[in-house]
1. At a 10 angstrom cut-off on C-beta neighbours, averaged per residue, how do the peptides A:63-73, A:259-269, A:355-365, A:409-419 rank from highest to lowest?
2. Would you please give the residues with an amide H less than 5 Å from that of A:GLU201, counting only those at least 5 places away or on a separate chain, with H modeled from the backbone geometry?
3. I'd like the Karplus ³J(HN,Hα) series for the stretch B:73-86: coefficients 6.51, -1.76, 1.60, θ = phi - 60°, whole numbers in Hz, and an x wherever there's a Gly or Pro.
4. Hey, what do the phi angles of the stretch B:189-194 turn into as Karplus ³J(HN,Hα) couplings, whole Hz, using 6.51/-1.76/1.60 and θ = phi - 60°, x for Gly and Pro?
5. Kindly provide the trypsin sites (Lys or Arg not before Pro) of the stretch A:55-105 that DSSP labels as loop, not H, G, I, E or B, and whose Cβ sees at most 12 other Cβ atoms within 10 Å.
6. Identify, among A:ASN88, A:ILE73, A:THR132, the residue whose Cα sits farthest towards the positive end of the charge dipole of the stretch A:4-159, taking +1 on the Cβ of Lys and Arg and -1 on the Cβ of Asp and Glu, with the dipole about the Cα centre.
7. Rounded to the nearest 0.05, what FRET efficiency do A:ALA90 and B:ASP138 give with R0 = 45 Å and r taken as the Cβ-Cβ distance? Could you check?
8. Pull out the extension gain between A:ARG354 and A:GLU246, defined as 0.36 nm times the separation in residues minus the alpha carbon to alpha carbon distance; nm, one decimal.
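Every number here is computed from the coordinates shown, using simple stated rules; none is lab data. Worth saying up front: this structure is predicted, and the values here are computed from it rather than measured. With ideal geometry, Cβ positions are generated from the backbone for all residues, glycine too; neighbour counts draw on all protein chains shown.
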Amino acid sequence: MNTLFDKIWDSHVVQRVDGGLEQLYIDRLYCHEVTSPQAFDGLRHRGIRCFRPERIICMPDHNIPTTGQESPILDPVSKKQVDTLSSNAAEFGLTHFGVMHKHNGIVHVVGPEKGLSLPGMTIVCGDSHTSTHGAVGAVAFGIGTSEVEMVLASQCVLQQKPKSMRITVEGPLGKGVTAKDIALYLMSEISTSGATGYFVEYSGSAVRALSMEGRLTLCNLSIEMGARGGFVAPDETTFNYMKGKEYAPKGEDWDKAVAQWRNLKSDEDAVFDKELFFDATLIEPMVTFGTNPGAGIPITGFIPQGYSAKSLSYMNFHEGERMIGKPVDYVFLGACTNGRIEDFRNFASIVKGRHKAPGVVAWLVPGSWAVRRQIEEEGLDRVLMEAGFEIRQPGCSACLAMNEDRVPPGKYCVSTSNRNFEGRQGPGSRTILASPLTAAAAAVTGVITDPRGLS
Amino acid sequence: MKQRFDIVESSCVPLPIDNIDTDQIIPARFLKATTRDERFFGENLFRDWRFRPDGSPDPSFVLNDPRFKGDILVAGKNFGCGSSREHAAWAIAGFGFKVVISSSFADIHKNNELNNFVLPVVVSEAFLSDLFRSIADDPSTIVRVDVPSQTVTNLATGARESFDLNPYKKYCLMNALDDIDFLLLQSDKIETFEKDRYEIINR
């Protein structure tokens with residue numbers, strides 16, 4: 001009568017510490033350049049090495065420019081942080097996919113697509129969106145830099161075991177409704193702290209029907225509901241996706257692994273600390289109007305009464321206004337939320353045969369070099385170019401504006417990323433979160449537009 | 001930084017806003033530092049709320065109001081949501097706060113505070129709104145946070161609550177020990193775990 005969360009978590013407990021904390025063994029640690037330098041400094045300060053270097057993968061993603069990666073990074077502070085990751089990886093003997101490496105990209109895009117994140121694993125990274133990797137059927141969660149140092153030093157973290165929650169979404173998704181819309185809908189229903197203290201298992205026919213890319217988007221946004229992480233039990237969709245991936249098991253090992261992965265599911269009589277049920281047919285394409293991801297409404301809706309006046313003033317929106325028709329200055333397709341091949345296919349499906357609206361600046365940023373190569377293989381680059389868009393080089397980009405891709409003060413950006421916090425895309429920037437379909441509709445019309453009327 | 005926790009008794013800085021995310025606590029552009037310079041992060045705590053775009057202090061923000069100072073930050077619910085950046089905890093510590101009181105914290109940020117010897121104290125909604133009222137009435141309102149007895153007292157009203165604190169974490173806070181000190185002593189147990197698990201997976 002165990003949940004899948006219990007099964008994976010409990011099988012990784014090295015010991016219980018007095019007071020109820022558990023020492024959890026970590027199968028995979030990812031390091032990016034922003035949250036790791038102080039952790040490596042800690043090792044040097046203590047005079048110790050990494051305990052299991054073979055379990056650790058490093059790659060820069062947050063700071064890197066999305067054009068001209070062939071040349072040195074111009075911002076000296078960003079360059080230093082990226083160089084520091086490279087030298088730390090070399091000093092401690094860790095795998096490093098540096099800038100322009102064929103495997104480089106956003107850590108949460110690269111891990112699953114290379115088969116580095118596998119079903120049944122425990123996975124951590126100094127990044128809240130580590131929840132993304134849960135889509136492969138893993139227990140994956142974000143940690144702070146002190147905890148990164150713990151994993152570097154011991155391959156373990158001390159954690160209070162979160163409670164378990166199951167979110168079931170049943171029914172077929174309507175036209176133009178994607179995994180992103182499911183997640184924005186869930187947040188609008190339960191708020192950005194609705195799952196605080198919990199680990200979420202997503203289930204139900206609407207979740208099962210999602211592609212791997214869709215599941216990665218859904219799990220990515222678990223943290224925006226406050227959850228430590230979220231996952232989907234592995235199934236044929238997972239196995240088909242994983243088969244043949246660079247770092248996934250091969251041959252006999254593959255067969256053995258799949259046989260074990262088939263056991264990774266919650267028991268029929270498993271008891272969750274909390275269960276929530278949602279009807280997929282009620283979900284429409286979603287957009288946000290406020291300054292946290294829980295402020296979502298159906299694209300056809302009106303800004304509700306009683307929302308934080310501070311937020312509405314920041315957005316320069318007013319109660320009772322429609323979102324449709326609001327002008328858009330920037331469009332961002334990318335991030336660990338929506339920077340995968342399916343997202344580019346969706347975006348291209350709307351802009352095909354149309355043209356980018358004059359005055360809109362569009363950043364199309366693949367989540368990895370592998371995604372960019374596939375865009376080219378599928379000929380999507382031509383479709384996008386003919387519609388007036390260019391494809392940039394991979395990185396986190398305008399999701400948090402640590403590189404040059406910054407939305408200017410007061411400008412509106414329809415963004416496929418994960419956070420619409422004040423200043424998230426640059427000081428004073430105003431973010432409207434949406435799916436790649438809705439972002440594409442805004443990009444070709446210059447205003448918030450229902451994508452269902454365009455396809 | 002590592003410090004021994006016992007009793008903190010101080011006036012407070014009130015921030016009665018819900019869902020304060022770590023992007024507000026320390027904006028992303030300040031995350032490029034490669035060292036753990038708490039002073040630098042402290043100087044940029046709540047940067048875009050504290051300073052106007054031209055760099056001048058915004059007098060309407062509480063950290064620029066000389067009436068409010070102290071070791072305790074009191075904030076609305078779901079404090080520290082969003083990004084896992086530990087820089088947020090470094091900024092809070094670097095500014096000089098030892099305790100943050102709220103009715104709820106985001107999980108990752110709560111751990112980050114504890115790992116930096118900043119104590120997150122979870123109180124009831126009623127205690128929190130009562131405390132905000134006390135501070136608004138009298139900015140010199142003193143709050144006493146007693147770690148050994150795990151109690152928090154609003155000395156203006158006498159309202160008192162106990163708060164949760166994991167016994168292991170309490171021991172660490174009271175003795176200035178961190179988790180790495182503990183984990184480094186566990187390598188035998190970790191190696192045994194790895195061996196046993198390898199056998200289970202490969203049987």
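1. Values: A:63-73: 16.5, A:259-269: 13.3, A:355-365: 18.7, A:409-419: 23.9.
My ranking of the peptides, most packed first, is A:409-419, A:355-365, A:63-73, A:259-269.
2. Answer set, sorted by chain and number: A:MET165, A:ARG166, A:ILE167, A:PHE231.
3. 9, 10, 10, x, 5, 6, 5, x, 6, x, 3, 7, 3, 6
4. 5, 5, 5, 4, 4, 4
5. Working: sites: A:ARG55, A:LYS79, A:LYS80, A:LYS102; in loops: A:LYS102.
Listed in order of number, the matching sites are A:LYS102.
6. Value computed over the given set: A:ASN88.
7. On the way: r = 57 Å, r/R0 = 1.27.
Efficiency, from the Cβ-Cβ distance: 0.20.
8. Numbers: separation 108, 0.36 × 108 = 38.88 nm, distance 3.71 nm.
Going from the current span to full extension adds 35.2 nm.
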